[in-house]
Amino acid sequence: MAAYRASAERVSVLQIPTADPRLAIVQLADATARGVQDSKAREEVASWLGDPDARMGTLRDGLSAAHTVGPPMSDALLNDVRVQAEAMRLLATYDMAQLVKETRQAEARLVALNHAGPGQNAGIRTEFEAARLDAAIEAATSQVAEEQERIRELDSLDLPPREEVP
Amino acid sequence: MILWLAAALAAPSTEVQMLAGARTAPEATVEQPSEWEGGSRPAGVIASIGRVAWRGKSTWGGVGGAAWGTFPESNTSLLSMTPRGGIEVREGALSASTGATYDLRWFPGQVTSSSGRLEVLAEVGAHPGTSTLRAGATAIDRRYPRQKEWSFSTIEPEVGAETTWRDVRLGLASSMQWNRGRTVDAAGASALATGSQVRGRAELGLSKPLWALEFSYRPIVAFEGQSEDAARPQFTPVGAYADDADALSAGGFVQHRVNVSMGVTPGPWTVRVGGLGRFRVSSEAAASFGRTVHGDVMIERKASDHLAVFGRVGTSAVQLANGPSYVDSQAWLGLRWSWGP
């Protein structure tokens with residue numbers, strides 16, 4: 001319990017102060033479901049969660065703490081952890097969707113620039129633009145892999161479903 | 001082929017194409033098709049085209065090459081090699097980039113048309129938010145060792161701005177270009193001819209996850225430079241518009257050029273549609289290209305992670321300012337192998 005509190009305080013010190021994140025979470029979920037961009041909601045949720053690695057540590061501490069205390073404290077702790085984990089999953093899903101969209105846009109643009117195949121003898125400005133698009137595609141692909149890993153980490157927390165909370 | 005396979009083993013990203021088809025005016029791809037007014041005979045085309053490329057954190061480079069064979073007449077067969085490389089350093093919202101490409105073209109059956117072309121770019125940029133402001137210069141030097149009077153050089157300082165809003169990209173650029181070529185004087189001797197051009201570029205791009213549309217309008221107002229530029233081909237061997245066709249001022253002209261291209265990538269399919277319209281009003285009745293219309297469609301389908309099948313059809317219609325014209329239609333089918341990222 002003390003470890004969870006200390007960890008949560010460490011993360012909160014690093015956070016940018018935000019208003020109640022619930023509205024931003026709802027807006028981000030809506031944007032993700034509709035496949036549209038909502039940078040403001042994304043930033044609010046990301047600011048609330050703070051550094052993802054530190055937040056993952058906090059969630060693990062919270063789960064451990066929940067096993068050391070009885071109800072209703074354990075219920076409250078698990079609920080607290082679940083809200084944060086779901087927000088992290090939502091953020092990762094939203095980021096992945098945006099990255100995949102950006103990657104596909106860049107790929108389509110490479111085709112439109114007539115740079116999708118060899119032998120085009122494109123001007124040097126097009127070469128630079130193609131190199132930038134290639135770099136953006138590679139960076140986005142690598143970031144998608146990181147987000148997938150984050151979701152796997154969240155799955156590994158093995159949170160009990162809401163209705164099964166003892 | 002062995003060269004490409006060897007390169008594929010060494011380079012992080014490699015592509016090889018093999019294609020076969022036909023075109024109606026193969027001479028249009030030759031650097032100096034001096035007799036193209038007399039008509040052109042259709043020819044079969046077979047080609048092997050390849051590209052190896054690598055990219056570092058702030059650098060990129062590679063080399064492309066092609067072997068084009070035409071039959072039954074082989075005078076437009078071509079071997080080409082194109083090394084290229086660049087570096088772009090970014091520090092906060094500022095960037096600096098420089099790069100160069102070299103395009104070596106050798107026509108074994110028409111050596112006088114063989115040339116080497118160097119293009120160099122140096123540029124600095126500022127990137128506030130989703131916008132980019134750029135200032136730089138491009139220099140081109142093209143040499144024909146067997147026909148020195150066809151050689152030319154250009155230098156083009158340019159300033160430009162680009163901004164992105166959601167899926168829309170808007171770019172504007174303006175440049176001044178100075179060019180130097182050769183002309184034949186009254187005594188029949190070769191003489192230097194210098195010219196200049198004021199150029200503009202307006203670009204509009206729309207990108208969606210499955211398709212992208214690129215539109216550009218490029219006006220040019222050219223002054224002086226008596227070199228006749230009609231001998232320079234309008235299109236590269238793969239059918240792309242060759243910017244060198246506009247390099248020389250040819251006695252002065254006003255030109256409008258519009259490019260539209262679209263890339264569509266639904267699943268294993270890739271479709272590219274390109275179109276170009278170019279209209280030039282020349283100050284002199286020199287052998288300058290007056291109008292150009294071009295359209296092409298390329299469809300590719302992935303057969304596996306590394307292999308794709310593609311087909312392309314295209315048509316270019318070109319008319320000289322003083323009347324004659326030609327139409328070059330191309331169609332080919334091919335296979336493309338790719339390795340690496």
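We did not get these values from a lab; they are worked out from the coordinates using the rules stated. Please read all numbers here as calculations on a predicted model, not as lab measurements. Glycine gets a Cβ as well: all are built from the backbone with ideal geometry, and neighbour counts include every protein chain shown.
Worth pointing out:
- Separation in nanometres of the label points that stand 7 Å from Cα toward Cβ, at B:K148 and A:S142: 5.0
- Counting, for every residue in B:208-215, the Cβ atoms of other protein chains within 10 Å of its Cβ and taking the mean gives 6.
- Mean projected area of the Cα convex hull of the range B:2-339, taken over all directions, amounts to 17.1 nm².
- Listed residues B:V221, B:S13, B:Q177: farthest to the positive end of the dipole of the range B:2-339 (Cβ charges): B:S13
- Sum of side-chain charges, B:I140 neighbourhood, beta-carbon under 9 Å (Lys, Arg +1; Asp, Glu -1): -3
- Spin-label pair B:Y102/B:R41, simplified geometry with 7 Å Cα→Cβ offset, distance in nm: 3.7
- Each Lys and Arg contributes +1 and each Asp and Glu -1, all at the Cβ; summed about the Cα centre of chain B, the dipole is approximately 700 debye.
- In this simple spin-label approximation, B:H127 and B:N75 carry label points 7 Å from Cα along the Cα→Cβ vector, and these lie 5.0 nm apart.
- Unit charges at the beta carbon, dipole of the range B:25-136: most positive-side option, B:G99, B:S48, B:T82: B:G99
- Using the rule -39500 (n - 2.57) for each DSSP H run of four or more residues, divided by the residues of chain B, the 222 nm mean residue ellipticity is -500 deg cm²/dmol.
- Point-charge dipole on Cβ atoms (K/R +1, D/E -1) for the range B:170-313, about Cα centre, debye to 20: 360
- Taking Lys and Arg as +1 and Asp and Glu as -1, the other residues whose beta-carbon sits under 11 Å from that of B:E123 total 0.
- Summed over all non-identical Cα pairs, the Kirkwood treatment of the protein assembly as shown gives a radius of 25.9 Å.
- Mean separation of Cα contacts under 8 Å (6+ apart) over length of chain B, as relative contact order %: 13
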